[in-house]
Each structure stands twice: as structure tokens, then as C-alpha cells.
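The values are calculated or read from the model by the stated rules, or taken from the named source; none is laboratory data. Please read all numbers here as calculations on a predicted model, not as lab measurements. All Cβ positions, even for glycine, are placed from backbone atoms using ideal geometry, and neighbour counts span all protein chains on display. For accessibility, only protein heavy atoms count, side chains too; no ligands or nucleic acids. Shrake-Rupley method; radii C 1.70, N 1.55, O 1.52, S 1.80 Å.
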Amino acid sequence: MTLPKRYHPQTAEPGLQNTWQAQGVFYYDPASAAPRFTIDTPPPTVSGHLHLGHVYSYSHTDFIARFWRMNGRNVYYPMGYDDNGLPTERLVEKREGLRAADIGREAFVARCLAASEAAAKEYRHLWQRLGLSIDWRYTYRSIDDRSRRTAQWSFIDLYRKGLAYRQQAPAIWCPECQTAIAQADVDDLERETIFYTLGFRLPDGATLPIATTRPELLPACVAVFVHPEDGRYQSFIGQSVTIPLFERTVPLLADPAADPHKGTGAVMCCTFGDTADVTWWRTHDLPLMEIMGRDGRLTAAAHAFAGLTVKEAWQAITQAMDERGELLDEKPLAQTVRVHERCDTPVEYVVTPQWFIRVLDFKDEFLAIGAQIAWRPPHMQTRYRQWIETLGWDWCISRQRYFGVPFPIWYCADCGQTVLADDTDLPIDPSRSRPSAPCSHCQGTRFTPETDVFDTWFTSSLSPQIAGQWGHDDALYAQVFPFTLRPQAHEIIRTWAFYTIVKSYLHFGTRPFDNVAISGWGLAPEGMGKISKSRGSGPMDPLTMIEQYSADAVRYWAASTAIGKDATISEEKIQAGAKLVTKLWNVARFAARFWGDQPLTPGDLNAAPPALSLADRWILAHTQQLIERVNPLWEAYDFATAKSETEYYFWRVLADNYLEMAKLRLYAHDGEGEGARWTLHHVLLTTLKLFAPILPHITEMIYSGLFTAVDVDSIHRAPWPQGSPAWLDEAALTAGEALVKVATAVRRYKSEHNLALGMELTTLYLGTSDALLAALLPQGRADLMSITRAKDVVIDGRTPPDLPLIATEPIMVALAV
């Protein structure tokens with residue numbers, strides 16, 4: 001048996017990937033009675049090119065899928081593409097330098113569809129080249145007919161249950177994207193700003209200083225608030241104060257939410273600057289001054305400042321106040337501002353009609369479901385719990401955009417009644433269709449279609465139903481739901497994880513998955529932070545790294561950090577992975593020469609082993625220890641520690657020491673080497689299987705060349721190593737480590753004396769007072785001769801007094817050159 005001299009991953013890996021697909025190695029079998037492991041794979045958002053951060057997190061899912069497949073699970077591992085909604089729109093706008101208003105809705109949607117189709121092909125190419133063990137027969141797009149049908153059914157079901165409602169109210173608004181967004185779509189951004197102190201006037205003409213970072217909202221001021229126990233202002237509560245510049249009076253009111261220690265203790269309430277303004281406006285029944293337009297410019301209600309952007313109004317109003325002597329002070333301030341996560345634009349609060357899903361009424365239920373799910377790592381459940389506990393808004397699901405799943409509703413032009421589409425007509429575009437019957441309320445026949453589209457999370461929160469083909473293949477759905485695993489990133493716990501749990505509970509009354517595996521971010525080097533598709537693919541292109549070093553080498557880097565932790569992109573670690581791939585190939589080539597033309601059969605491997613040396617028993621014991629250590633690690637999703645343990649074993653135990661101990665016997669032709677050949681076959685096959693989830697290509701290449709007569713045709717369908725308890729041998733472990741220490745001492749001596757490591761020694765003398773070692777060391781005599789290149793090994797209670805000792809514990813070692 002032989003393997004080619006060199007392994008060329010650039011050609012070998014694509015060839016193996018094609019073979020896996022042609023043979024259906026990763027196919028889910030609906031007819032199988034095997035226990036199932038089903039994965040609700042995260043559909044990547046179509047918002048740009050994939051980067052090494054995606055490779056990092058998606059590799060983690062693949063490691064887990066491959067491990068459980070080798071453990072006999074019937075793995076359902078689909079793939080999707082989240083290609084509807086604002087992210088794809090912004091991608092098209094950025095690449096083509098246009099907006100929907102420039103070319104019309106229909107033409108813009110067509111361009112979005114073309115971009116999403118191209119991205120799906122690009123993404124699939126990368127995933128296949130990386131070696132993800134996806135069953136590509138189960139692929140979906142969140143804009144395809146089945147996804148749109150499922151999302152529209154979801155809305156109709158929630159509406160009928162009284163859980164979806166439309167309301168004219170302040171909504172979180174992105175002026176850049178010109179759409180309402182949900183609380184979960186908002187991030188915090190640190191920035192430097194200016195804290196201005198403005199001079200309001202009290203009834204007696206005295207100045208009331210009020211500090212603010214948003215002077216541009218002054219035209220929308222409807223009240224001033226102070227704390228009811230703030231002695232500085234108690235006498236003024238209930239009176240009117242005059243707004244500077246605009247000479248309009250507003251009431252001075254008391255509310256416990258006003259912080260007496262922030263600024264001057266008096267705060268203006270504008271409609272709207274933040275959620276506190278919204279709360280005060282509702283609680284105190286204040287008037288509404290709508291000065292912020294949907295385009296981010298001030299409206300006519302701002303009088304002389306109408307038409308200005310926020311920044312322009314900020315500058316103009318502060319300048320005008322300064323000229324009137326009403327700008328009392330200004331100082332720099334580090335501020336946390338709320339921004340839209342998609343574009344980093346500071347959000348506004350605009351009164352618009354929006355659709356909401358009731359979530360605030362079910363906080364306890366969502367927390368209870370979260371407690372039923374195993375979070376990996378466990379502390380990620382805290383993020384989920386804290387998000388729910390701090391929720392202050394129902395889920396806003398309507399978006400004033402173009403490319404997305406449309407609401408399946410119309411409004412009766414005569415009475416305003418909401419008219420639902422029939423379930424049998426889904427998916428439907430209400431702008432191109434009419435209701436199938438007159439309005440049930442007034443029998444009217446004139447309808448206005450809803451032009452908003454769903455928030456993209458409204459559809460992707462149904463990924464278990466879409467991926468599981470609910471409503472299309474109900475038998476399959478019954479097998480895969482609830483899913484075994486939801487893998488995802490930590491920053492979307494508040495969106496994808498939460499919203500999926502919301503939908504699963506509100507529709508089906510159950511949890512959507514049993515486990516959540518949270519991956520960290522792939523971080524650009526040198527403190528460059530998180531990389532993203534929409535803001536650049538980072539310093540290293542994934543396909544470039546794969547072609548240069550191999551997919552396995554890149555996967556090795558991805559496996560080097562525990563789940564839930566961020567990892568810096570490291571070319572050095574990728575290079576270490578490439579080195580490991582090369583070493584595995586070289587060890588396999590070395591081993592192959594000793595097995596002849598025919599590999600050992602299952603019967604050979606399961607039969608009583610031939611006579612084994614001390615080194616054979618030592619490595620078999622190490623192998624069993626390794627299996628028993630890494631199996632629980634893999635089951636706990638700790639692939640990083642499992643990889644480290646396996647790699648240490650391969651380099652230190654197998655490659656550096658055992659092979660050197662076994663060489664003389666392996667080359668023997670008189671039957672003396674049968675034990676070494678039998679042992680090497682066992683330990684190399686075990687090593688390959690333990691590496692297979694992380695390094696699928698090199699392990700498959702070696703396995704297909706050397707081991708297919710032992711197991712099935714692919715290592716990825718072969719059984720996971722269980723070893724044999726009989727291999728555990730504490731005495732052999734102890735004595736074997738003594739052999740390694742002897743070999744280490746000899747290597748050190750040769751290095752210090754500038755002798756070649758392969759130079760033969762005349763005699764190696766060993767002495768020990770340890771009864772166990774004295775009894776076992778003679779069984780390792782041939783092993784020591786092999787690894788030290790000694791022509792003879794003398795084992796006695798002591799060493800010759802005329803030779804210097806090169807080691808003393810646990811064995812005295814002397815040598816004659």
C-alpha cells in the first residue's frame with residue numbers, strides 16, 4: 001500500500017468535495033431509524049462578500065455536525081440564504097449608486113433579486129470549498145415562494161389571535177434607510193459631542209438653565225421636567241417657562257424619572273429625542289410637535305429651520321441662541337448614542353402607523369422557554385434573559401422599504417377595515433392582486449394595498465419551519481422539529497434567537513430547538529475589531545487563504561478557539577494547520593509501507609493482538625486515554641480543547657516518540673514487527689477519526705487510501721472511535737513515559753555535543769531502583785534501541801561508575817558513544 005509522495009490540497013480538496021456530493025455522503029435519510037441530529041443553520045444575510053469571520057463561525061457548526069454523524073446520528077444539515085429585506089437593499093444601493101426612488105419599485109426589486117441570486121452562488125461556492133458537510137438538497141432562500149408563504153401565514157395567524165396590531169405611535173426611525181425599525185435593530189455607539197446649557201425663562205424673568213446634547217429639538221419642546229424632591233425647583237412646579245429663541249411657553253412638571261444629578265437637574269421633553277420623551281409624552285398627555293421628517297430633515301413645525309438636516313439645524317439653532325445670549329455654556333461630552341445597526345445612523349422617533357407583534361405580554365413565557373434550552377456556553381443565556389427583562393417595546397415588524405415579503409392585507413377604502421388574504425392564495429402581493437371577496441364589514445369592493453414589507457427578522461424567525469419544510473413536507477418537519485441545534489452569533493441573540501422563540505411559542509406553544517451554540521466573532525488583526533460583509537471583508541480573503549494553505553488549515557484556525565469566544569484572524573495559526581496537514585500525510589505514507597498491498601481487515605483488527613512491546617502497550621493506553629478525554633469534550637461542544645488534546649497526542653506521543661521507538665521492529669521481516677504494525681494501524685486510524693470533523697479532507701484522503709477495507713467507504717460515515725478498555729494499562733503508561741525521558745535525555749546529549757540525532761551509540765546503560773521499571777524496562781529494550789540508535793542497551797540496578805550520568809530520575813542513564 002502506498003500514498004503519493006506529496007499531498008496537493010488545491011486539487012485534492014475539490015476532488016473530495018465533488019465525490020462527497022456525488023455519493024451523497026452527507027445526505028439526511030428520512031427513512032432511517034437512527035437517532036436524529038437536526039440543525040437550524042443560520043442563513044447568511046445577503047449584504048456583501050463573506051469573510052473569515054463567517055468561516056470561523058460556520059466551521060464550528062460543521063465540526064459538530066461531522067462529530068455527531070460519525071456517532072451514528074442521522075444528521076439534517078440544510079442551508080439557507082437570508083436574501084430579503086433592508087440588508088440586500090443597502091447592498092444594491094451601495095454597489096449601484098442608486099435608490100428605489102431613482103428607478104421605481106419594480107426595477108429596484110429586480111436588481112435586488114439579481115444581487116441575491118449572485119450572492120447565493122458565491123456563498124455556496126465558499127461553503128463547498130471550505131468543506132461544509134451540508135445536504136444541499138435542502139436549501140432555501142428567505143425570498144422564495146415557500147418562505148414568503150410561511151411568513152405571510154405567520155402574520156395572518158398572529159392577526160387572528162389578536163397578537164398583531166397596527167398603531168399610529170412614535171416608532172424608532174432610521175433617517176438614512178427611511179424606515180421604522182425594532183428595538184433589537186438598535187446599537188449603542190460611543191462618540192464625542194457637546195453638552196449645551198440653554199437659557200429658559202421662569203415667570204419672574206429669572207433664567208432656568210437646561211443642559212442638552214440635542215439643541216436642534218428645541219422647536220419640539222413640549223414640557224420641562226424636574227424631580228419632585230429637587231428643592232431648587234419645587235416652587236416652580238406647575239408654572240410655565242418660556243422656550244428660548246422660539247418664545248413659546250411650556251409647563252414645568254415633576255416626574256421621578258428626572259435625574260437631579262444630571263446636568264442642571266431640569267430637562268426639556270421634546271417629541272421626540274429618546275424613549276424617556278416618549279414615556280413622558282404618554283404619561284402626562286402632552287401635545288405632539290412633529291418636527292422630524294422621515295427624511296431626517298426638520299418639518300415646517302420648526303419654522304425658520306424647516307428643511308435643515310439634524311446637523312444643520314444643530315449648528316443653526318446654537319448660533320442663533322448664542323447671538324441672543326441664550327446659549328449659556330458648552331462643554332465636550334463622551335456620549336452613547338443609539339444608532340441603526342445596519343448603517344450606524346443615529347435613530348429618531350417619528351410618529352407613523354406601524355404594525356407590531358405583542359411580546360411584552362409574554363415575557364415570563366419567553367424566559368421559561370429560554371430556561372428549557374441548553375445554551376452553549378451557558379453564560380449566553382444571561383444575555384437572552386437580560387434582553388427580555390429590558391424590553392420596553394412590542395416588536396415593530398413593518399418596514400417602509402421595497403425588497404421584502406409584503407403584508408398579505410388590504411384596507412377597505414370605504415370603512416378602513418383590514419382585509420386578510422386567503423390562506424390558499426399565499427404567497428401574494430397585494431399591490432398586484434385583490435381580495436377574493438368584498439369587505440366583510442361594509443361589503444365594499446374598493447381596497448388599498450398595504451405597501452410596507454415585513455422586517456427581515458419576521459421571516460428568518462421562521463427558519464425552523466422554512467428549513468424543516470413545514471406545510472410542504474409535514475412528515476419531514478415532524479422528524480426534524482424541534483431542531484437539535486441552533487448555531488448562531490452572540491450579537492443576534494436579541495433578534496434571531498429571541499424572535500424565533502417568540503414565533504415558536506405564539507404559533508406552536510413550544511421551544512424551537514433544544515440547544516443553542518453561540519459563536520464569537522472573527523476579529524481583524526491589530527485591534528481592527530469585528531469585520532462585516534457590508535463594511536469590508538477584512539484583511540484576508542477566505543478563498544485566498546484556502547487556496548494558499550488549504551481548507552483544512554483554515555478550519556484548524558477556526559477550531560483553535562472555544563465556542564462563544566471571539567478569535568483574532570491569525571495567518572500564523574493557519575500556517576500551523578497547514579504544517580499539521582503535511583505531517584499527517586507524511587506519517588501516513590511512512591506507515592503505509594509496512595502494511596503491504598492489503599490493509600488489515602476488521603477481522604485482523606478485532607482478533608487477539610500479536611505480541612506487543614512496552615511501547616505498543618504505552619501508546620495504546622495513551623490512545624484509550626485520549627478517546628475517553630475527548631469524547632465528553634466533543635459532546636459538550638468543546639471542539640477546541642478536543643483538538644488541542646488530539647494534536648498534542650499526535651505530535652508528542654505518536655510522531656515524535658512512538659514511531660521512533662517502533663521503527664526497528666517495523667522494518668523487521670521475521671515477524672517481530674507484527675505487534676508494531678498492528679498497533680500503528682489502530683492508533684493511526686483512531687487519530688484520523690479524531691481529527692476528521694476538523695480536518696475532513698486530509699483525513700479522508702488518507703483513509704480512502706489505507707483504511708476503506710476496515711470501515712465504510714468514507715471516514716465521515718465511519719464509526720467514532722471507542723477504543724477498548726483493555727488498552728488502559730497504568731504500568732505501561734508509567735514505564736513508557738520512562739522510555740520517553742530516556743530518549744529525551746539522549747537527544748539532549750547529542751544536541752549539546754553537536755552529534756547528529758541519528759548517530760549510533762555503542763551502548764546505553766540504564767539503572768533504576770524502582771521495582772516496576774526494573775521489571776518492565778527489559779520489555780522495551782528494542783524500543784529504546786530504535787529511538788536512541790543504541791547498538792546495545794544494558795539494564796541493571798546501576799550504571800558504570802566511569803561514565804557520566806545524563807539523567808538520574810526516574811532512571812539513571814549513561815551512554816558510551
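If R0 is 51 Å, what FRET efficiency do you get for L805 and K565 from their C-beta distance, rounded to 0.05? Efficiency, rounded to the nearest 0.05: 0.65. Here the relative contact order of the chain, from alpha carbon pairs under 8 Å that lie six or more residues apart, stands at 15 percent. For the stretch 453-593, the calculated P(r), taken from all Cα-Cα distances in 5 Å bins from zero up to the bin holding the longest distance, is 2, 8, 13, 15, 13, 12, 12, 11, 8, 4, 2, 1, 0 percent. For the stretch 651-665, backbone phi angles converted through the Karplus equation (6.51, -1.76, 1.60; θ = phi - 60°) give residue-by-residue couplings of 6, 7, 8, 7, 6, 6, 10, 4, 4, 5, 5, 8, 4, 4, 6 Hz, Gly and Pro being listed as x. Between T38 and residues 5 or more places away or on another chain, which pairs have amide H atoms under 5 Å apart, with H built 1.01 Å from N, and which residues are they? Excluding prolines and chain starts, which carry no amide H, the hits are Y76, T484, L485. Applying 1/(1 + (r/R0)^6) with R0 = 45 Å to the Cβ-Cβ distance of A107 and R629 gives a FRET efficiency near 0.15. Calculated accessible area for the chain comes out at 40 Å² per residue, all protein chains present (probe 1.4 Å; ligands, DNA, RNA ignored).
Taking a ≥ b ≥ c as the square roots of the eigenvalues of the Cα gyration tensor, an a/c ratio of 1.5 or more together with a/b no larger than b/c marks the stretch 70-161 as oblate. Near the amide H of T352, within less than 5 Å, lie the amide hydrogens of A169, A171, all on another chain or at least 5 residues away, with H placed in the peptide plane. The alpha carbons of the stretch 107-206 stretch over 78, 42, 32 Å along the principal axes, in descending order. Per residue, the convex hull spanned by the alpha carbons of the stretch 386-487 comes to 161 Å³.
Normalised by residue count, the stretch 324-454 yields a Cα convex hull volume of 256 Å³ per residue. For the stretch 657-798, the percent of C-alpha pairs falling in each 5 Å distance bin, counted from 0 to the bin holding the largest distance, reads 2, 9, 15, 16, 16, 14, 12, 8, 5, 2, 0.
Length, then width, then depth: along the principal axes, the Cα atoms of the stretch 766-810 run 24, 24, 14 Å. In this simple spin-label model, placing a label point 7 Å from the Cα along the Cα-to-Cβ direction at both K363 and N71 gives a separation of 3.7 nm. If you line up the long axis of helix 105-130 against the longest principal axis of the chain, both from Cα atoms, how many degrees apart are they, to the nearest 10? Value to nearest ten degrees: 20.
Centroid-to-centroid, using Cα positions, the stretch 299-328 and the stretch 663-724 are 77 Å apart. Working from label points 7 Å from Cα in the Cα-to-Cβ sense, the H8 to A257 distance is 6.9 nm. Evaluating 6.51 cos²θ - 1.76 cosθ + 1.60 at θ = phi - 60° for every residue in the stretch 768-782, the Karplus couplings come out as 8, 9, 7, 4, 5, 5, 4, 7, 8, 4, x, 6, x, 4, 5 Hz, glycine and proline recorded as x. Ligands, DNA and RNA left out, the accessible area of the chain computed with a 1.4 Å probe is 50% carbon and sulfur.
Expressed in Å, the radius of gyration and Dmax of the Cα atoms of the chain are 34.8, 115. Taking all protein chains as shown and a probe of 1.4 angstrom, H49 keeps an accessible surface of around 100 Å².
Its residue count N fixes a reference of 2.2 N^0.38 Å for the stretch 575-703, and the Cα radius of gyration divided by that reference is 1.04. Annotation: amide H-H contacts under 5 Å for Q239 (H modelled 1.01 Å from N, sequence separation of 5 or more, or interchain): L252.
Across the stretch 474-491, computed HN-Hα scalar couplings (Karplus, 6.51 cos²θ - 1.76 cosθ + 1.60, θ = phi - 60°) run 5, 5, 5, 4, 5, 6, 9, 10, x, 5, 5, 9, 10, x, 6, 8, 6, 6 Hz from first to last residue, x flagging Gly and Pro.
Cβ screening of the chain for cysteine pairs under 4.7 Å finds these without a partner: C112, C221, C269, C270, C343, C396. Given a cut-off of 25 Å, name the pairs among K262/K565; K5/K579; K262/K363; K311/K331 whose C-alpha atoms lie farther apart than that in the structure shown. Cα-Cα > 25 Å for K262/K565; K262/K363; rest within. Helix 696-706 and the longest principal axis of the Cα set of the chain meet at an angle near 30°. Using R0 = 51 Å, the C-beta based FRET efficiency linking T448 and A31 works out to 0.55. Relative to its Kirkwood radius, the Cα radius of gyration of the stretch 10-80 gives an Rg/Rh of 1.00.
Axis of helix 363-372 versus longest Cα principal axis of the chain: the two differ by about 10°, to the nearest ten degrees.
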